[in-house]
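The values are calculated or read from the model by the stated rules, or taken from the named source; none is laboratory data. These numbers were taken from a predicted model, which means no experiment stands behind them. Backbone-built Cβ (ideal geometry, glycine too); neighbour counts: all protein chains shown. Accessible surface is based on the protein model in full, side chains and every heavy atom, while ligands, DNA and RNA are left aside. Shrake-Rupley method; radii C 1.70, N 1.55, O 1.52, S 1.80 Å.
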Amino acid sequence: MQPNGIITFLTDFGDADGFVGIMKGVILSINAQAKVVDISNSLPPQDIEAGALVLHNSYKYFPKGTIHVAVVDPGVGSDRRILVVQTKNYFFIAPDNQILKHIFYNNETFTVVEVLNKTYFLDEISRTFHGRDIFAPVAAHLSLGVPVSKFGPEVTDFERGEISQPVILAKKIIGKIVHIDKFGNLITNISADLVNKKLLSISAGLTSLPGLVDSYADVGLGKPLAIIGSSGFVEISVRNGNAGEQLSLQRGETVQIEFN
Amino acid sequence: MQPNGIITFLTDFGDADGFVGIMKGVILSINAQAKVVDISNSLPPQDIEAGALVLHNSYKYFPKGTIHVAVVDPGVGSDRRILVVQTKNYFFIAPDNQILKHIFYNNETFTVVEVLNKTYFLDEISRTFHGRDIFAPVAAHLSLGVPVSKFGPEVTDFERGEISQPVILAKKIIGKIVHIDKFGNLITNISADLVNKKLLSISAGLTSLPGLVDSYADVGLGKPLAIIGSSGFVEISVRNGNAGEQLSLQRGETVQIEFN
Amino acid sequence: MQPNGIITFLTDFGDADGFVGIMKGVILSINAQAKVVDISNSLPPQDIEAGALVLHNSYKYFPKGTIHVAVVDPGVGSDRRILVVQTKNYFFIAPDNQILKHIFYNNETFTVVEVLNKTYFLDEISRTFHGRDIFAPVAAHLSLGVPVSKFGPEVTDFERGEISQPVILAKKIIGKIVHIDKFGNLITNISADLVNKKLLSISAGLTSLPGLVDSYADVGLGKPLAIIGSSGFVEISVRNGNAGEQLSLQRGETVQIEFN
């Protein structure tokens, strides 16, 4: 696989302070032809779990050879490692803090390298902004065709992390809310293939739903519903409303499905 | 008219969840040369009226042949239709929900097609994210030169919508606030050509103003004023302040102009 | 120096109303090959001081020949001037309101021109959106190679502004907080070369710190610390927390360093 010149960003840097723009400047200074695409720079500060999930939902929609840079990095400046990962179709650059856990889980084969070769860093390395000083220049050099092996030694003791799985019983599935999106939709870890749309009931907090619908429009305005969301998991939503606020549900809370 | 390779996005998807980045990935997977420009992805959730107005203010500043993708889509997954529209200078892709009403109003001739040809969709269509599964791939194929007629049959019974017009009386104009921008400026539906800058008074809520000014700097800091805004309509502002908050005025409220 | 086709934006326009997208449309209509990169469009409204600092931290990470457009412009529509500035490595377009003060301070030689030549403006100039009508088209023409001198006469009486400097005493430095970033880090005007990391104590408000640390990880979660930040100045932070909120400190407040 060759890099295709596309570099994506997934960070918690926000857009007020210029951090993301600076990283783009660094990249364009090294590879003027690179095309940077923002997946999100508005992750909740230091929320590795949210970053891992957004990356999981996004990366495979990019063309083969895309370089995904994920910087949610509360350990910046400590001795936490920085990884370059090459899977069959993509490259990833991220701290060794489990933000890539879905990538490791989804891919059968991949190479993991610890980024140590300062040839590919900026000359001065700050204590607080490795996005600028290490992640961006490494991504730029990678986009120019520098092989993954040049950035450092292969490692096997990186943090794989764990993917939260629902508990599956004879007539019941006990899952949880793993993400709340900007519309307030509550995304669970219960995948579509586990549920039968006709014969179930769904409960979360004080809300109980009689089954899955095919479209938001199947219920009245402001009413709650359950639906298979765009990433292939059961979601609880409120039509034209915000389920998180309206149903007072948080990430981590239990969602239970009972088969009749 | 040929597409020029530029595709714009106007959505309420925000930037926290990666929705917009995913759509860019889909487009680049089909047309690696496409150039995507965000008009806004921070429209108030499901606010079709705001989307229609921002599109109206924006689309004509792009080069001929630009493809504008507008996805404010509370009806996603229902049987609401998706339209491709070709005007003299631009292409538009949007749900059939009046978000294009100003486009229909501003253009004398245009072609409207219902998007039905699944050849140009992603293979799997989710119930909740047609931006990814339909809008983005259709835009990408359009940018490669696929003729509008290939996406589906021409239709004439689309939703034209209505443009809110002020009431014009002998010595008075009764309009309303149609948009509040991020600075808190109150944009009305009273166009510049309806008003004479010397001989009028303007009132909205509890605020009364003696006429139009030429510049924010014509009044003191923190003082209200009326001015012809950048889209050619009367706006009520507060110099270096937020008129919406300071004057407690909302979208939809009446603005009255009296000629002396 | 020739322009390299890259144009950056630094504004307080936000992303809800399409202002930034419109400016990109104007640029692409004049130079279809231009590459626009957002440094930030989320500066606090009309906060020239924040804009000046973010620009200072960002501009030099872009390749030589980049055009930086900075529009924080409370004086829009008044007789405030618009400047094009050429330094050894970059171009800048901004209102004459001190947003470029660090640029003037950092560069030994530069040329400053007042933008007056309407040939390079849009045909119609609004009273409230010179970003669209003047800044964007001037940037686009500049990116095509139009010499700076074509935009108007050289001026020397522009607003240089003042860079806030700490007071340096025999055993004490009295500085202040000049910026609070999105993580709540408190950036001071005390540069790294003024402090000795072993032999000092740092106080701000009710917080007193025993010296500088090398990494956030050197203190416990939720604890305050002082560190040399990414722009080379002393910063006060809270590990995995928001120092601005937790320590109740604002921009402008005093930070005092005592040498033992």
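For every residue, the table says whether it meets (1) more than 27 Å from residue C:123 (Cβ to Cβ); (2) assigned to a strand (DSSP E or B); (3) basic (Lys, Arg).
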| position | (1), (2), (3) |
| --- | --- |
| B:184 | yes, no, no |
| B:193 | no, no, no |
| B:245 | yes, no, no |
| B:248 | yes, no, no |
| B:258 | yes, yes, no |
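Could you tell me whether residue A:182 is modelled with pLDDT under 95 and within 14 Å of chain B (Cβ to nearest Cβ)? For residue A:182, the condition - modelled with pLDDT under 95 and within 14 Å of chain B (Cβ to nearest Cβ) - is met. Examine region C:227-243 for a residue that is under 26 Å from residue A:132 (Cα atoms), in contact (Cβ under 8 Å) with a residue 60 or more places away in the chain, open to solvent by 50 Å² or more (accessible area, probe 1.4 Å) and within 14 Å of chain A (Cβ to nearest Cβ), and state whether such a residue exists. No, there is no match, as no residue in region C:227-243 is under 26 Å from residue A:132 (Cα atoms), in contact (Cβ under 8 Å) with a residue 60 or more places away in the chain, open to solvent by 50 Å² or more (accessible area, probe 1.4 Å) and within 14 Å of chain A (Cβ to nearest Cβ).
Can we say residue B:174 is part of a strand (DSSP E or B) and open to solvent by 30 Å² or more (accessible area, probe 1.4 Å)?
Values: part of a strand (DSSP E or B): yes; open to solvent by 30 Å² or more (accessible area, probe 1.4 Å): yes.
Considered against the rule, which asks whether it is part of a strand (DSSP E or B) and open to solvent by 30 Å² or more (accessible area, probe 1.4 Å), residue B:174 comes out as yes.
Out of contact with any Ser or Thr (no Cβ under 8 Å at 6 or more places or on another chain), open to solvent by less than 10 Å² (accessible area, probe 1.4 Å) and away from chain C (no Cβ under 13 Å): which single residue out of A:92, A:62 fits that description? Walk me through it before giving the result.
On the way: A:62 fails: out of contact with any Ser or Thr (no Cβ under 8 Å at 6 or more places or on another chain).
One residue alone meets the criteria, A:92.
Within region A:111-131, can you find the residues that are open to solvent by less than 50 Å² (accessible area, probe 1.4 Å) and either touching a Phe, Trp or Tyr at 6+ places or on another chain (Cβ under 9 Å) or not polar (S, T, N, Q) (or both)? Residues satisfying the conditions are A:112, A:113, A:114, A:115, A:117, A:120, A:121, A:122, A:128, A:129, A:130, A:131.
Filtering region B:186-195 for residues that are touching a residue at least 12 places away in the same chain (Cβ under 8 Å) and more than 22 Å from residue C:132 (Cα to Cα) leaves a non-empty set.
Rundown of residues vs (1) within 19 Å of residue C:252 (Cα to Cα); (2) surrounded by 13 or more Cβ atoms within 10 Å (Cβ to Cβ); (3) out of contact with any helix residue (DSSP H, G or I) (no Cβ under 9 Å at 6 or more places or on another chain), yes/no style:
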position: C:133; (1), (2), (3): no, yes, no
position: C:147; (1), (2), (3): no, no, yes
position: C:168; (1), (2), (3): yes, no, no
position: C:193; (1), (2), (3): no, no, yes
position: C:208; (1), (2), (3): yes, no, yes
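Residue pairs whose Cβ atoms lie under 6 Å apart, sitting 6 or more positions apart in sequence or on different chains, and linking a residue in region B:48-59 that is modelled with pLDDT of 95 or more to a partner that is in a helix (DSSP H, G or I), are B:52/B:101; B:52/B:102; B:56/B:102; B:58/C:21; B:58/C:22.
When C:57, C:106, C:4 are screened for being more than 14 Å from chain B (Cβ to nearest Cβ) and closer than 15 Å to residue C:141 by Cα, only C:4 passes. Only one entry of C:146, C:138 meets the criterion of being closer than 20 Å to residue C:87 by Cα, β-branched (Val, Ile, Thr) and in a loop (DSSP other than H, G, I, E, B), and that entry is C:146. Surrounded by fewer than 23 Cβ atoms within 10 Å (Cβ to Cβ), charged (D, E, K, R) and within 14 Å of chain A (Cβ to nearest Cβ): does that describe residue B:79? Against the criterion (surrounded by fewer than 23 Cβ atoms within 10 Å (Cβ to Cβ), charged (D, E, K, R) and within 14 Å of chain A (Cβ to nearest Cβ)), residue B:79 qualifies.
When the residues of region A:31-52 are narrowed to those that are more than 9 Å from every other protein chain (Cβ to nearest Cβ), open to solvent by 10 Å² or more (accessible area, probe 1.4 Å) and outside any loop (DSSP other than H, G, I, E, B), which ends up farthest from residue A:187 (Cα to Cα)? So that I can check it myself, show each step before the final result.
Here is the first cut: in region A:31-52, the residues more than 9 Å from every other protein chain (Cβ to nearest Cβ) are A:31, A:33-34, A:47-49, A:51-52.
Filter once more, keeping what is open to solvent by 10 Å² or more (accessible area, probe 1.4 Å): A:31, A:33, A:47-49.
Those left that are additionally outside any loop (DSSP other than H, G, I, E, B): A:48-49.
Details: A:48: 17, A:49: 13 Å.
Across region A:31-52, the extreme among qualifying residues is A:48.
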